[in-house]
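Structure first, commentary second.
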Amino acid sequence: MTRMKVASLACIAVLFAGCAGGPKQPDRALPDTAGMQAPEAATGYTEKQAVVSKKFMVAAAHPLAVDAGYQVLRAGGSAVDAAITTQMVLTLVEPQSSGIGGGAFLMHFDGSTVKAFDGRETAPAAATEKLFQGPDGKAMSFYAGVVGGRSVGTPGVLRMLELAHRQYGRLPWASLFAPAIKLCEEGFPVSPRLAALLKSEQYLKRDPVAAAYFYDKDGNPWPAGHVLKNPELAKVLKDIALGGADAFYKGQIARDIEAKVKNHPTNPGGLTAADMAGYQAKAREPVCTGYKSWTVCGMPPPSSGGIAIAQMLGILEARNIRPFSPRDGALDPEAVHLFSEAGRLAYADRGRYVADTDFVPLPGGSIQPLLDKRYLAERAALIGTRSMGTAQPGMPLGTRLAWGTDNSPEFPSTSHISVVDAWGNGLSMTTTIEDAFGSRQMVRGFLLNNQLTDFSFDPKDANGPIANRVQPGKRPRSSMAPTLVFQRGTRNLVMTTGSPGGSAIINYVAKVLIGTMDWGMQVQQAISLPNFGSRNGPTELEQGRAPDALVQALRERGHNVRVMEQTSGLQGIMRVNIHGEEMWLGGADPRREGTVRGD
C-alpha cells in the first residue's frame, strides 16, 4: 500500500521512538446494522504534512477555527482560552458536527494535575425509559427518534467551558467570542465538506429556519465558496460574551430552545427552560492507566472511551502487538487481528456495563475491576489464532447485577480540538451534536443536538435492565475519547489526541496510541494509517485503504471483513526532540478539513 505519504521527518527523534458520497441512513437502531454506518459522509482524502512548533499549538477541524485559536495563543491565552474560541468558530463553520447546542468532554493538564470536565447533555426531567418506544412498545426507527424535538438533550458545552475557564483561563471571557462574532457578521465561505454534506442531507430542509439558512430560495444547498452570514448567532454570542453562560441557560435563549423543542409539529420533545437553568457541568476523575513506558489518561463515564481504550491497551500489552508494525504503510494482518479481537472484548464490556455512573454503578463500584491486570490478562487469553466473531462480556470482580446489552447506534457527528499552550498546559476536547446536523432543529442561528438517541432505545432485554437506558437527568453514554499521554512516572505530557467518528472513535484513538507508543511513529503518520478494528461485529477496514491481500489474510483467520468508509477526524499534538531541543509536532486527519498551527 503506497497511498499513505507523510512528511519526511528523519531529523526528528520522537520521544516515543526506541520502542520496538454519503452513507445510507439506517432504518433500525441496532448495532449490527446501524453501527456499520459512518456518522458523517466521506468527502475525500488529502495528504497532510506534520507541523512543528516550539511554544504552543492548536489542532482542530477547520482552518478558520484553528486560526482563531492560534491568535488567542499568540495573545497570551491559555489552552482553555484557545479551545473556547475554537469551539465558537466551529459552531459557525462546522455546524454539522458540534456547537453551543451540543455537549463536550474535555481533558486538561495544568502542569501537575489531570482533570476531566464533563459537559455531556442530560435527559429532560420529563423523560422516561420509553422515550424511544412506539405505541406497540417496540423501539422506533433511528431517524424517527432523531428528527424533531424528542431527541434534544440539555446542551452542556458552554457550562463546561465556563467551568474550565474559571480555573484555567488567562484572557477575559468576553474577548474569546470576538473572532466568531466577526465571522458571523462578515461571513465565511462554505467549505467543500459542508457543501457535500448539505447535498446528501435528507432531513434538514424540514425545519423552515434551517432551510432558510443552509439552502437558497430554490431549495438548493449553498455551494462551496458561498459566503454565509449568521447575524442571529452573532447576537447570541454577544449575549454570552457579556452575560456568561447564564445568558444561554437562563432567559430568552433558553425559552426559545424550549419553544422550538416543544412545538415541533410531528415529534415534540420534553426539554424545558427549567432543564436548561438546572444544568451543571462536572469535574470528574480521569481514567488513567499504565501502558509500558507511558500513562494514558482518558475520559470517565458517562463516556465509555477512556475505559474501552484502557481495556484495549491492557489486552494488547498482554498479547504484545509491538512486533507487527506496518511496512511501507501496509498493515500487518496479525496486528489487525490482535487489535480487532481486543476491540471486540472491550466493546462487549462497554455494551453491558458502562453508562452514567451517577445513575448506574460500574462492577465493584469503580473503574478498577474493569481495568484490573489479571482480568485483562484473562480476557487477552481468549484471543486465539482465529477471530472469535462476537465476544461475550466478561465478569469483572464485583459484578452483582444482571444487565442487558445496549442497542444504541451512536452516530455522533463530532469534532475534536487539541491544544498545548506556552505554559505547558495541554488540552484534549471532543465536542458533538450527535448525528450530522443534530436534531435538524435550528434556533437563534445554531443547531440543537439529538444526543438523547445515544441512550438505548430499549430499557431492558432478556438479561435484565440496560445500564444506558433513558432516565430523567441522566447523561447518555458516549464513545468520545479525548486522551492525554504522559511519560510514566513523570508529569511530562507527550501527546494529546482524539477524534470524532461515533462508536468507532475508540478504535480511531487506540490506533494512534498503538502507532506512536508501539510502532515508533510520529503523530501525523499514526493518524494517516488506514483505519481498522472491530466494534464487536465485523472486522472493519477503511474503504480504499484495504488491499486484497489483507482482506484475504483476515478471512483465513475467520474474520467477517467489512470494507467501509471510516471518516475519522483525528487531531494530535506530540512532544518531539529535534537536535536536542524539545518541540511540539502536530497532525491532522487527511480524511477531513482539519489543520494545525503553532509558533
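In region 2-10, is there at least one residue being modelled with pLDDT of 95 or more and either part of a loop (DSSP other than H, G, I, E, B) or over 18 Å from the mean Cα position of the chain (by Cα) (or both)?
no
Do we find a residue being touching a strand residue (DSSP E or B) at 6+ places or on another chain (Cβ under 9 Å), surrounded by 24 or more Cβ atoms within 10 Å (Cβ to Cβ), closer than 15 Å to LEU271 by Cβ and at pLDDT 95 or above anywhere in region 479-487?
no
Looking at region 116-155 only, could you name the residues that are out of contact with any Lys or Arg (no Cβ under 8 Å at 6 or more places or on another chain), outside any loop (DSSP other than H, G, I, E, B) and modelled with pLDDT of 95 or more?
Residue satisfying the conditions is THR154 alone.
Check off (1) under 24 Å from ALA436 (Cα atoms); (2) within 22 Å of the chain's Cα centre (by Cα); (3) not in a strand (DSSP E or B) for ASP81 and give me the number that stays unchecked.
All conditions pass for ASP81, except number (1).
Would you call GLY99 farther than 26 Å from HIS226 by Cα, of a type outside the set (D, E, K, R) and assigned to a loop (DSSP other than H, G, I, E, B)?
Here the answer is no, as GLY99 does not meet what is asked.
Only one of GLY520, GLY515, GLY594, GLY586 is on the phi > 0 side of the Ramachandran plot and out of contact with any Pro (no Cβ under 6 Å at 6 or more places or on another chain). Can you tell me which?
Numbers: GLY515 fails: on the phi > 0 side of the Ramachandran plot; GLY594 fails: on the phi > 0 side of the Ramachandran plot; GLY586 fails: on the phi > 0 side of the Ramachandran plot.
Exactly one of GLY520, GLY515, GLY594, GLY586 is on the phi > 0 side of the Ramachandran plot and out of contact with any Pro (no Cβ under 6 Å at 6 or more places or on another chain), namely GLY520.
I'd like to check which strands (runs of 3 or more DSSP E) are fully inside region 506-571 and have at least 2 residues that are over 19 Å from the mean Cα position of the chain (by Cα), modelled with pLDDT of 95 or more and surrounded by 24 or more Cβ atoms within 10 Å (Cβ to Cβ).
Result: 539-542.
Taking region 387-430 on its own, how many of its residues are modelled with pLDDT of 90 or more, closer than 29 Å to LYS138 by Cβ and surrounded by fewer than 18 Cβ atoms within 10 Å (Cβ to Cβ)?
So the answer is 3.
Considering (1) crowded, with 24+ Cβ neighbours inside 10 Å; (2) under 30 Å from ILE466 (Cβ atoms); (3) modelled with pLDDT of 95 or more, say which one ALA348 fails and leave the rest.
That leaves (1) as the condition not met.
Any residue at all in region 335-345 that's of a type in the set (Ser, Thr, Tyr), in a helix (DSSP H, G or I) and farther than 30 Å from ASP548 by Cβ? Break it down into steps so the answer makes sense when it comes.
Residues of region 335-345 of a type in the set (Ser, Thr, Tyr): 340.
If we keep only those that are in a helix (DSSP H, G or I) as well, we get 340.
Now narrow it down to the ones that are farther than 30 Å from ASP548 by Cβ: none.
No - not one qualifying residue is present in region 335-345.
Give the number of residues within region 140-168 that are of a type in the set (Gly, Ala, Ser) and surrounded by fewer than 20 Cβ atoms within 10 Å (Cβ to Cβ).
Taking region 140-168 first, the residues of a type in the set (Gly, Ala, Ser) are 141, 144-145, 148-149, 151, 153, 156, 164.
Adding the requirement that they be surrounded by fewer than 20 Cβ atoms within 10 Å (Cβ to Cβ) leaves 141, 144.
So the count comes out to 2.
Does region 481-491 contain any residue that is more than 16 Å from THR289 (Cβ to Cβ) and not basic (Lys, Arg)?
Looking through region 481-491, none of the residues is more than 16 Å from THR289 (Cβ to Cβ) and not basic (Lys, Arg).
For region 315-324, check the following and say yes or no: at least one residue is closer than 30 Å to LEU550 by Cα, among the aromatic types (Phe, Trp, Tyr) and modelled with pLDDT of 95 or more.
So far as region 315-324 goes, yes, one or more of its residues are closer than 30 Å to LEU550 by Cα, among the aromatic types (Phe, Trp, Tyr) and modelled with pLDDT of 95 or more.
Mind counting the residues in region 501-557 that are of a type in the set (Lys, Arg) and closer than 21 Å to ASN320 by Cα? Before the answer, list the steps.
In the first step, residues of region 501-557 are kept if they are of a type in the set (Lys, Arg); the result is 511, 535, 545, 555, 557.
Within this subset, residues satisfying the condition of being closer than 21 Å to ASN320 by Cα are 511, 535, 557.
Total satisfying the criteria: 3.
The values are calculated or read from the model by the stated rules, or taken from the named source; none is laboratory data. Given the structure is predicted, the values throughout are model-derived calculations rather than measurements. Here Cβ is always computed from backbone atoms with ideal geometry, including for glycine, and neighbour counts include all displayed protein chains.
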